[in-house]
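Enquirer: Quick one: this structure, given as structure tokens, is what I'll be asking you about.
The values are calculated or read from the model by the stated rules, or taken from the named source; none is laboratory data. Everything numeric here is computed off the predicted structure, so don't read it as measured data. Here the Cβ is made from the backbone with ideal geometry for all residues, glycine too, and neighbour counts use every protein chain on show.
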Amino acid sequence: MTTPARRTGGGPPFDGKAFVAGLSTAPGVYRMLAADDSVLYVGKAADLRKRVASYFNATPKVTRTMAMIAQIARMEVTVTRTEAEALLLENQLIKSLKPRYNVSLRDDKSYPYVLVTRDAWPRIAVHRGPRNVPGRYFGPYPGVTAVRETLNLMQKLFKLRNCEDSVFRNRSRPCLQHQIGRCTAPCVGLVSERDYADAVRRASLFLDGRSDALTDEVGRDMEAAAARLDFEEAARLRDLLGNIRGMQARQYVDGRVAELDVLACAMRGTHACVLLLSFRDGRNLGTRAFHPRTNGSDDPAEVLAAFVSQHYAEQPPPREIVLDRAIEDVELLEEAFSESAGRRVQVKTSVRGDRARYIDLARRNAEIALASELGSQAAQQARSDSLRDMLGLAEPAQRIECFDISHTMGEATVASCVVFDAQGPVRGQYRRYNIAGIEPGDDYAAMHQALTRRFRRAVESDGVVPDVLLIDGGAGQVAQARDVLDTLGITGICLVGVAKGEARKPGDETLLLPDGRELKPGAASPGLQLVQQVRDEAHRFAITGHRGRRQKARSTSRLEDIPGIGPRRRASLLKHFGGLGGLKAAGAEQIAQVEGVNAALAQRIYATLHGLDADGSGQGQD
């Protein structure tokens, strides 16, 4: 149930005490709103009446809180059944409404996971982004280095494949990974499906942190193999058992396998850094630094409490969360995390032994990361101010977008759009555009199509537009951008072309300005350094997208499009001819000699691979 209280913009000040009188004593969430309906603050409460009343009593409050209260035009409350529900709702509203005075977690990088796919022959790989690939996800890990170390360990211990499906389906002989003992080569049938499934199950036990159960199972299998005199298998299992126990010996914390996160918060003024140090199954997975938006708060305990609440609403909590300082609502957080995890989760703020040393380590790393971030922000501000002066802007640009085009001789053309704000790249708003329907290699048409798609959507949905629009290219590319903006009736954007110098040397770029001027600021210009940073990021993002699109097109076997060709026949054909190249060089009569392929199917295969009609008339499409 939501209860609003409102005053009009010209009415009397908000009467907080009158509003409190009608509130319930139940748990819930309250929202403070300004006269323009923007959200000032979202908070949770075990007792709504008591919590909201605390803002309007005579107790002295910090300047930030007094400034917030002075702006309140109305309030809304939502009653929940439990405090845990209030905590979850608060996190959802902070994420969606982005209140002006709440501390909010700002992290535009997706966490890396270890993915074990759900296939007949499962693949183990690093995964970022939406978890929409069928399979089991293990993690999240603080950084990609920890994931790669885990994958390296999985390949050594369990010899699972990590190749792409397109490579796996088209192998005709074992690859180098098999030769160096890191894969059992399921692609060419050198391991049975049952044995491979056992390896996948054991790897999953290890990744789940159940290494004790794994060692017990391997030990039993080793003894059984020795009893039936299969000494080769017993020796293999003995080596596996030794490796697993060796890992365990290095992974114990305080005499037992630990699953914990250690968190420390460092602050300078209203700038904050929260440092996360993770352990899973006793393994130190490394650290990750976060820089929350404090929105004026200078209280480390408040920042840390907001981080813990929001972070573990998105990520699965470990069994133990160790903090470098006391925070509010520890019991509520434990209750909510335990409920979501389905097991007990402890939040600790007073520890000794190894955990105290880990807190000290996290604090020192948080200070270092914060100093580095502040230095980076100061440099970013200097570059932004220089760009303002160079382009003649009234204020530093709050949003910069840059477009670039990437292709290989016209193949798989991709346009990229990257976004920078006052703090740097906003990766969550990057976009790629697959370009189609143009002459291959026509960069002007590609730029025109990408910009039209980007800004038409902005016009139709009243979306955001940049203060500065950078175009990686010369006068022709800039003319395409000007034509798109004029056609759509968009004004107020500073359009700048970034043309490379004759030797393509960084610092020799020429900036093409809207009024026709050409600037060559030189390599020492902070403003040009910002332009280079944005342009290089657009170039990197475009190339990555182009290579992915090109590789996908090249790695998809055309055999998959032929009716009557399933995985078994496809494997037989590729094995018989030594790969797709050998199959394409064969005639229909030779193809028909492969077991399970009749003359009609052979003719279809030949026609598909050579762009012919099934009767060989040559009228098909390439």
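Enquirer: Residues of the range 167-181 being in contact (Cβ under 8 Å) with a residue 24 or more places away in the chain, assigned to a helix (DSSP H, G or I) and in contact with a Lys or Arg (Cβ under 8 Å, 6 or more places away or on another chain), which ones?
Expert: Once the filter is applied, which keeps residues that are in contact (Cβ under 8 Å) with a residue 24 or more places away in the chain, assigned to a helix (DSSP H, G or I) and in contact with a Lys or Arg (Cβ under 8 Å, 6 or more places away or on another chain), the range 167-181 yields F168, R169.
Enquirer: Report yes if S376 is among the hydroxyl-bearing types (S, T, Y) and either outside the structural domain of L276 (by TED's automatic domain parsing) or closer than 29 Å to Y137 by Cβ (or both), otherwise no.
Expert: Yes; evaluated as a whole, the condition is true for this residue.
Enquirer: What number of residues within the range 182-228 are crowded, with 18+ Cβ neighbours inside 10 Å, on the phi < 0 side of the Ramachandran plot and part of a loop (DSSP other than H, G, I, E, B)?
Expert: 4
Enquirer: Pairs under 7 Å by beta carbon, first residue touching a residue at least 60 places away in the same chain (Cβ under 8 Å) in the range 504-528, partner basic (K, R), six or more apart or different chains?
Expert: P526/R383; G527/R383
Enquirer: Here is a further query. Can you tell me which residues in the range 291-308 are modelled with pLDDT under 90 and touching a helix residue (DSSP H, G or I) at 6+ places or on another chain (Cβ under 7 Å)?
Expert: H291, P292, T294, G296, S297
Enquirer: Another one. Quick one: is D261 buried (at least 23 other Cβ atoms within 10 Å of the Cβ) and either acidic (D, E) or assigned by TED's automatic domain parsing to the domain that holds R64 (or both)?
Expert: yes
Enquirer: Residue by residue through the range 380-409, note down the ones that are of a type in the set (K, R) and part of a helix (DSSP H, G or I).
Expert: R383, R388
Enquirer: Could you tell me which of the residues Y55, Y41 is modelled with pLDDT of 90 or more, in a loop (DSSP other than H, G, I, E, B) and surrounded by 11 or more Cβ atoms within 10 Å (Cβ to Cβ)?
Expert: Y55
Enquirer: Take the residues in the range 58-79 that are among the hydroxyl-bearing types (S, T, Y) and surrounded by 12 or more Cβ atoms within 10 Å (Cβ to Cβ); name whichever of them is nearest to E331 (Cα to Cα).
Expert: Selected residue: T78.
Enquirer: Then there's this: Kindly establish whether S211 is under 24 Å from R280 (Cα atoms), modelled with pLDDT of 80 or more and of a type in the set (S, T, N, Q).
Expert: Criteria not met by S211.
Enquirer: Would you list the strands (runs of 3 or more DSSP E) that sit entirely within the range 411-477 and hold 2 or more residues that are within 25 Å of the chain's Cα centre (by Cα) and modelled with pLDDT under 95?
Expert: Hits in the range 411-477: 411-421, 431-434.
Enquirer: Here's something else I'd like to know. Show me the helices (runs of 4 or more DSSP H) entirely contained within the range 534-622 in which 1 or more residues are modelled with pLDDT of 75 or more, of a type in the set (S, T, N, Q) and surrounded by 14 or more Cβ atoms within 10 Å (Cβ to Cβ).
Expert: By residue number, 567-577, 588-591, 599-610.
Enquirer: If you don't mind, there's one more thing I want to ask. Is there a residue being among the small types (G, A, S) and either over 16 Å from C402 (Cβ atoms) or modelled with pLDDT under 90 (or both) anywhere in the range 504-519?
Expert: Yes, the range 504-519 has at least one match.
Enquirer: Would you mind stating whether L361 is surrounded by fewer than 19 Cβ atoms within 10 Å (Cβ to Cβ), aliphatic (A, V, I, L, M), touching a residue at least 40 places away in the same chain (Cβ under 8 Å) and outside any loop (DSSP other than H, G, I, E, B)?
Expert: Yes.
Enquirer: Provide a single number: the residues in the range 496-510 that are buried (at least 17 other Cβ atoms within 10 Å of the Cβ) and either in contact with a Pro (Cβ under 7 Å, 6 or more places away or on another chain) or assigned to a loop (DSSP other than H, G, I, E, B) (or both).
Expert: Number satisfying all stated conditions: 1.
Enquirer: When the residues of the range 396-439 are filtered to those that are hydroxyl-bearing (S, T, Y) and closer than 17 Å to A458 by Cα, which remaining residue is surrounded by the fewest Cβ atoms within 10 Å (Cβ to Cβ)?
Expert: The selected residue is Y430.
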